[in-house]
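Undergrad: Structure in structure tokens, see below.
The values are calculated or read from the model by the stated rules, or taken from the named source; none is laboratory data. Please read all numbers here as calculations on a predicted model, not as lab measurements. Cβ placement follows ideal geometry from the backbone for every residue including glycine, while neighbour counts extend to all protein chains displayed.
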Ligand code: ADP
Ligand code: MG
Ligand code: ZN
């Protein structure tokens, strides 16, 4: 029987998903393999199908007794003889399974790691008398301290390769970053393992980021065309989830709030109503979502800036599990970034603060992106992706564009004046007519010096990035990153070619807001002398910059 025949006959599926087929080929060739595939991707099949085809026993290591029973039951239903061994069984039951094993009647045996290497060596000695042809290690990240679910008993699995030399080991997990992956391979002593990483791309989700102006009316116009659909709306603070849920109810939507501060009763009731489609919209803090498997969530909205890309991606990933087209909308305001930056300062832990700030910067860069958002997300997770996904606001050309020919000409002629010798920051200082001594002294007599003083530094950075991506400028590769002209530049300088640029996403008003934010926050604190509305998992002891802390200390 071939793998595809077995797939159809035993599992009732027509085709393989992700890289299932290549993985199965590897295992059938007796090679060690590691599989990274998102939850629900179909990892079990990668060892269950070889177990059907190989003449012998497959041992499956799994951390949860409850999961074992489910898997074994459904295998037996499809006619694949399987069993599990654990402490919940009576001695008679266990003996019965041992007999079936001896008679080579079973194809799969599920065990917990501590059972395999129990106090005495009996289990191992017994298993070694059998014809073991494959060992599968499910939830393999449990072996790594770097993973998020370390289980010390998994460390015992390091001995498996030497106990069963020549038997292929397949390790499977849905969550492992680079560090955890390396750790798994080393701890299991896998022999020349092939690593299969499936894409984490969610094709059916369209990503959009809009500048936050009047958030409630922006939300209403977004919801206009989605009246009957289910959605999740995330807010940073508990208070705003309740206020927004009320506003939505007033506007005629079946909405409810969800956050960690509600009683268990209310939380359970709201969650239940959402799952049953009695409530269409859940307005929640990030406390909502873990373990909730609702397949027909059509949209996820972030009213406030998420703290990092991991969280954002996980939250938006709750949309469209049924594979149908779904939307992710984020309302971005620079003021939110300032607020979060101040929260991200963890007392007495410089290293952790630095990591949180770095992750926040990545999140802000994503919001201010003038390029394919999906490509950015995939690169963030170390996946290659082409630069046009066709389903994000950038690729759908939803950004407002304007005739930027004059701006481009200013930039290009400044590059010429600077003899293509300087990097972007220097160029911007030149364009803005910086009074910094060095630049001023050297260039003040040039005609174009200060020709772009009316454009903010941040906007110049965005425009230069766009000119580069449109091929009107390039960055030298000699290590100096100097801005240089390209073959396309001349036509722009001569006025033969028009250049379109993307309008700034940030209004003047917001830039102003950004500057005033810390001052306002401080005033507010003085007034209230109480905890600020913060996100669910932000510890209450993180506050602002050093000077602000000093200020605060005098008030508390
Ligand atoms: P994971 O362990 O990766 O989270 P599972 O192995 O539990 O995922 O599989 C998730 C679901 O996908 C199961 O219902 C499984 O039967 C189904 N499935 C697996 N492979 C295929 C396939 N090739 N075609 C269709 N459905 C599949
Ligand atoms: Mg699984
Ligand atoms: Zn895109």
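Undergrad: Among (1) touching a strand residue (DSSP E or B) at 6+ places or on another chain (Cβ under 7 Å); (2) exposed (fewer than 14 other Cβ atoms within 10 Å of the Cβ), where does residue 388 come up short?
TA: Answer for residue 388: the failing condition is (1).
Undergrad: Counting only residues that are in a loop (DSSP other than H, G, I, E, B) and over 21 Å from the mean Cα position of the chain (by Cα), which one in segment 30-46 is nearest to ligand 2 (Cβ to nearest atom)?
TA: It comes out as 32.
Undergrad: Name every residue in segment 99-119 that is modelled with pLDDT of 95 or more, part of a helix (DSSP H, G or I) and under 20 Å from residue 71 (Cα atoms), in order of residue number.
TA: Matches in segment 99-119: 100, 101.
Undergrad: I've got another one for you. Check segment 461-479 and report whether any residue there is in contact (Cβ under 8 Å) with a residue 60 or more places away in the chain and under 18 Å from residue 495 (Cα atoms).
TA: At the first step, the residues of segment 461-479 found to be in contact (Cβ under 8 Å) with a residue 60 or more places away in the chain are 462, 465-466, 469, 472-473.
Narrowing further to those that are under 18 Å from residue 495 (Cα atoms): 472-473.
Within segment 461-479, one or more residues are in contact (Cβ under 8 Å) with a residue 60 or more places away in the chain and under 18 Å from residue 495 (Cα atoms).
Undergrad: With the checklist (1) surrounded by 19 or more Cβ atoms within 10 Å (Cβ to Cβ); (2) within 16 Å of ligand 3 (Cβ to nearest atom) in hand, flag the one item residue 383 doesn't pass.
TA: Of the numbered conditions (1) surrounded by 19 or more Cβ atoms within 10 Å (Cβ to Cβ); (2) within 16 Å of ligand 3 (Cβ to nearest atom), the odd one out for residue 383 is (1).
Undergrad: Another one. Determine which member of the set 218, 145, 181 is surrounded by 21 or more Cβ atoms within 10 Å (Cβ to Cβ) and either outside any strand (DSSP E or B) or touching a helix residue (DSSP H, G or I) at 6+ places or on another chain (Cβ under 7 Å) (or both).
TA: Values: 218 fails: surrounded by 21 or more Cβ atoms within 10 Å (Cβ to Cβ); 145 fails: surrounded by 21 or more Cβ atoms within 10 Å (Cβ to Cβ).
Within the list 218, 145, 181, the selection yields 181.
Undergrad: Here is a further query. Would you please name the residue that is nearest to the chain's Cα centre (by Cα), looking only at residues in segment 47-82 that are part of a helix (DSSP H, G or I) and closer than 15 Å to residue 135 by Cβ?
TA: Taking segment 47-82 as the starting set, the residues that turn out to be part of a helix (DSSP H, G or I) are 47-53, 65-77.
The next check asks that each one be closer than 15 Å to residue 135 by Cβ; those that pass are 47-48, 50-51.
Values: 47: 27, 48: 29, 50: 31, 51: 33 Å.
Across segment 47-82, the extreme among qualifying residues is 47.
Undergrad: Kindly list the number of the only condition in (1) within 16 Å of ligand 2 (Cβ to nearest atom); (2) in contact with a helix residue (DSSP H, G or I) (Cβ under 7 Å, 6 or more places away or on another chain) that fails for residue 88.
TA: (1)
Undergrad: Looking at (1) touching a strand residue (DSSP E or B) at 6+ places or on another chain (Cβ under 6 Å); (2) within 22 Å of residue 166 (Cα to Cα); (3) at pLDDT 95 or above, find the lone condition where residue 29 falls short.
TA: (1)
Undergrad: Report whether or not residue 519 is touching a helix residue (DSSP H, G or I) at 6+ places or on another chain (Cβ under 6 Å) and either modelled with pLDDT under 85 or not in a loop (DSSP other than H, G, I, E, B) (or both).
TA: Values: touching a helix residue (DSSP H, G or I) at 6+ places or on another chain (Cβ under 6 Å): no; either modelled with pLDDT under 85 or not in a loop (DSSP other than H, G, I, E, B) (or both): yes.
Here the answer is no, as residue 519 does not meet what is asked.
Undergrad: Among the listed residues 51, 66, identify the single one that is surrounded by fewer than 18 Cβ atoms within 10 Å (Cβ to Cβ) and under 24 Å from residue 113 (Cβ atoms). Break it down into steps so the answer makes sense when it comes.
TA: Working: 51 fails: surrounded by fewer than 18 Cβ atoms within 10 Å (Cβ to Cβ).
Going through 51, 66 in turn, the sole match is 66.
Undergrad: Against the condition more than 30 Å from residue 429 (Cα to Cα) and either at pLDDT 90 or above or assigned to a strand (DSSP E or B) (or both), how does residue 406 come out, does it pass? Spell out the reasoning first.
TA: Details: more than 30 Å from residue 429 (Cα to Cα): no; either at pLDDT 90 or above or assigned to a strand (DSSP E or B) (or both): yes.
Against the criterion (more than 30 Å from residue 429 (Cα to Cα) and either at pLDDT 90 or above or assigned to a strand (DSSP E or B) (or both)), residue 406 does not qualify.
Undergrad: What's the number of the only condition in (1) over 26 Å from residue 35 (Cα atoms); (2) within 16 Å of ligand 2 (Cβ to nearest atom) that residue 93 fails to meet?
TA: Here residue 93 meets the rest and fails (2).
Undergrad: Would you confirm whether any residue within segment 203-214 is in a loop (DSSP other than H, G, I, E, B) and surrounded by 14 or more Cβ atoms within 10 Å (Cβ to Cβ)? Steps first, please.
TA: Start the filter on segment 203-214 by keeping residues that are in a loop (DSSP other than H, G, I, E, B), which leaves 203-204, 212-214.
Filter once more, so that each one left must be surrounded by 14 or more Cβ atoms within 10 Å (Cβ to Cβ): 204, 212.
Among the residues of segment 203-214, at least one is in a loop (DSSP other than H, G, I, E, B) and surrounded by 14 or more Cβ atoms within 10 Å (Cβ to Cβ), which makes the answer yes.
Undergrad: Continuing with this model, one more query. Anything in segment 452-481 that is assigned to a loop (DSSP other than H, G, I, E, B) and over 22 Å from residue 401 (Cβ atoms)? List them, or say none.
TA: Quick first cut of segment 452-481, residues assigned to a loop (DSSP other than H, G, I, E, B) only: 452-456, 470-472, 476-481.
Of everything in segment 452-481, those that are assigned to a loop (DSSP other than H, G, I, E, B) and over 22 Å from residue 401 (Cβ atoms) turn out to be 453, 476, 477, 478, 479, 480, 481.
Undergrad: Consider segment 200-214. How many of its residues are in contact (Cβ under 8 Å) with a residue 40 or more places away in the chain and more than 21 Å from residue 297 (Cα to Cα)?
TA: First, the residues of segment 200-214 that are in contact (Cβ under 8 Å) with a residue 40 or more places away in the chain: 200-213.
Among the residues that remain, those that are also more than 21 Å from residue 297 (Cα to Cα) are: 211-213.
Within segment 200-214, residues that are in contact (Cβ under 8 Å) with a residue 40 or more places away in the chain and more than 21 Å from residue 297 (Cα to Cα) number 3.
Undergrad: Among the residues of segment 150-163, how many are without any contact (Cβ under 8 Å) to a residue 40 or more places away in the chain and either within 16 Å of ligand 1 (Cβ to nearest atom) or more than 16 Å from residue 193 (Cα to Cα) (or both)?
TA: Total satisfying the criteria: 4.
This table checks each residue for (1) surrounded by fewer than 18 Cβ atoms within 10 Å (Cβ to Cβ); (2) within 27 Å of residue 450 (Cβ to Cβ).
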site	(1), (2)
353	yes, no
356	no, no
362	yes, no
394	no, no
399	yes, no
403	yes, yes
408	no, yes
412	no, yes
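Undergrad: Name the residues in segment 38-52 that are within 11 Å of ligand 1 (Cβ to nearest atom) and under 12 Å from residue 170 (Cβ atoms), would you? First the steps, then the outcome.
TA: Looking only at segment 38-52, we keep the residues that are within 11 Å of ligand 1 (Cβ to nearest atom), and these are 38-49.
Scanning segment 38-52 gives 43, 44, 45, 46, 47, 48, 49.
This table checks each residue for (1) more than 16 Å from ligand 2 (Cβ to nearest atom); (2) under 26 Å from the mean Cα position of the chain (by Cα); (3) farther than 19 Å from residue 283 by Cα.
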position	(1), (2), (3)
181	yes, yes, yes
204	yes, yes, yes
212	yes, yes, no
217	yes, no, no
234	yes, yes, no
243	yes, no, no
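Undergrad: Considering only residues that are closer than 13 Å to residue 193 by Cα and either out of contact with any helix residue (DSSP H, G or I) (no Cβ under 7 Å at 6 or more places or on another chain) or within 16 Å of ligand 3 (Cβ to nearest atom) (or both), which ones fall in segment 8-30? So that I can check it myself, show each step before the final result.
TA: Let us first name the residues in segment 8-30 that are closer than 13 Å to residue 193 by Cα, namely 23, 26-27, 29-30.
Residues satisfying the conditions are 26, 29, 30.
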